[in-house]
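For reference, the structure discussed in these notes is given below.
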Amino acid sequence: MTAWAESARPPKPDVFERIGRTVLRLFTSVDFAVVQIIVLILLAVVGMTIRQLPSFAFRSVGDYQNAMADIHARYDPVFGRGVVDALERLQVFQVFTSTWFTLGLVVLVVSIVVCTLDRTPRLYRQAAEIRAKLNSLVDEDLIRALYDASSAGVRIRLNVRGICCLRPGLRGVSEKIEVVSIVDRFLEHSRIFHFRNGGDEEVYLSSADLMPRNLDRRIELLFPVEAPDCARKVLACLDAMFADNVKARVLQQDGSYKRKRPARGEDAVRAQIFLYREAERELGRSRAVKGVSFEPIERREV
């Protein structure tokens, strides 16, 4: 039994693998990059405080010796010749062109690049989001695709007025999926799809619900909303639907619905009434700008 347990254990990583993991962990650490920046700033302060060799000192040996003679004359009475010679060997009098300062800059750049590459996929996953408004969600393949997206870390918010065969909130499957349903005064048939991936956003309007009869047996239309003003208006409608806390019902794991209520101190939002009043205000503004003209309809004699 002991021999079986020993053989079942995963092999320990070798020395080089452990060193590689340690180095990678170090270079992907923000703290390590911050420490490097602080050290380089302190060294830069030293370089600006202590007199540095002029650029022409490196043109020839004679120029270098003459420049160092000025350095010795300045600092020997303060530190002693032995200390000044040690500082010369450490390249303290040429901080910004020294080997160790250049190496420090290279390590910092590599650390920042590796740290950025390590975090970029996670940031994009955190920024990824899918929002949709539709009547029904039944198609099995699309439900599986939404489960896969949720498992990958994509936040998904769905406004499904009618039938929804997806189950939100399942551990490891649909933890990042939220489904709400709104049944109110007006019967709605709009289908809106909003995809956010990092800094990229796409908005679509469609005639189809996500059902087999729409996707497999009908000719439907889906088109992008590319005009920025139009996209903002469509997204404002979507925002209102997910802000509803009067008529919205939240789908639970077991398939039941729970009415959404305003939290303490929160204003009540009824999406359909809000959008209806917004449409009235927009119509009023349009009439105020353009004016209204009435043309008589002539009755024709039969």
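Read-outs: derived from the displayed coordinates by stated rules, not from any lab. Just so it is clear, the model here is predicted, and its values are computed rather than measured. Because the Cβ atoms are built from the backbone with ideal geometry, glycine has one as well, and the counts that use them run over all protein chains shown.
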What is the gain in length, in nm to one decimal, between Glu282 and Ala236 on full extension, counting 0.36 nm per residue of separation less the C-alpha to C-alpha distance? 15.2 nm
Charge tally for neighbours of Gly172 with beta carbon under 15 Å away, counting Lys, Arg as +1 and Asp, Glu as -1, is +2
Computed from these coordinates, which is Kirkwood radius over Cα pairs in Å: (1) 25.8; (2) 21.4; (3) 26.8? (3)
About the Cα centre of the chain, how large is the charge dipole given +1 on each Lys and Arg Cβ and -1 on each Asp and Glu Cβ? Please answer in debye to the nearest 20. 1000 debye
Give the longest segment of the chain that steers clear of chymotrypsin sites (Phe, Trp or Tyr not before Pro) in DSSP loops with at most 14 neighbouring Cβ atoms within 10 Å, not counting the sites themselves. 1-185
Model label zone, Phe32; criterion: amide N under 13 Å from point 7 Å along Cα-to-beta-carbon; scope region 79-116: 107-116
7 Å from Cα along Cα→Cβ at both Phe195 and Arg21: what's the point-to-point distance in nm? 3.7 nm
Taking the Cα centre of region 128-289 as origin, work out the dipole magnitude from +1 charges on Lys and Arg Cβ and -1 charges on Asp and Glu Cβ, in debye rounded to 20. 720 debye
For region 9-123, what relative contact order do you get, as a whole percent, if you take Cα pairs closer than 8 Å and at least 6 residues apart? 38 percent
Using a ≥ b ≥ c from the Cα gyration tensor of region 63-103 (square roots of the eigenvalues), is it rounded, prolate or oblate, where a/c under 1.5 gives rounded and otherwise the larger of a/b and b/c decides, a/b for prolate? oblate
Inter-site label distance for Asp148 and Phe186 at 7 Å from Cα along Cβ, in nm: 3.6 nm
Quick calc, region 9-123, dipole around Cα centre from Cβ unit charges on Lys, Arg (+) and Asp, Glu (-), nearest 20 debye, gives 540 debye
With DSSP loop assignment and no more than 10 other C-beta atoms within 10 Å, the trypsin sites (Lys or Arg not before Pro) in region 127-197 are Arg171, Arg185
Among Ile19, Gln36, Thr49, which residue has its Cα furthest toward the positive end of the charge dipole of region 9-123, with +1 on Lys/Arg Cβ and -1 on Asp/Glu Cβ? Ile19
What number, rounded to the nearest 500 deg cm²/dmol, is the helix-based mean residue ellipticity at 222 nm of the chain, given -39500 (n - 2.57) per DSSP H run of at least four residues and division by all its residues? -16500 deg cm²/dmol
Can you give me the Cα centroid spacing of region 13-37 and region 236-274 in angstrom? 47 Å
Does region 148-284 come out rounded, prolate or oblate by the C-alpha gyration tensor, with a ≥ b ≥ c the root eigenvalues, rounded set by a/c under 1.5 and, if not, prolate when a/b is larger than b/c and oblate if not? rounded
Tally Lys/Arg at +1 and Asp/Glu at -1 over every other residue whose Cβ is under 12 Å from the Cβ of Arg259; what's the total? +4
By the C-alpha gyration tensor axes a ≥ b ≥ c (rounded if a/c is under 1.5, else prolate when a/b exceeds b/c, else oblate), the shape of region 211-289 is oblate
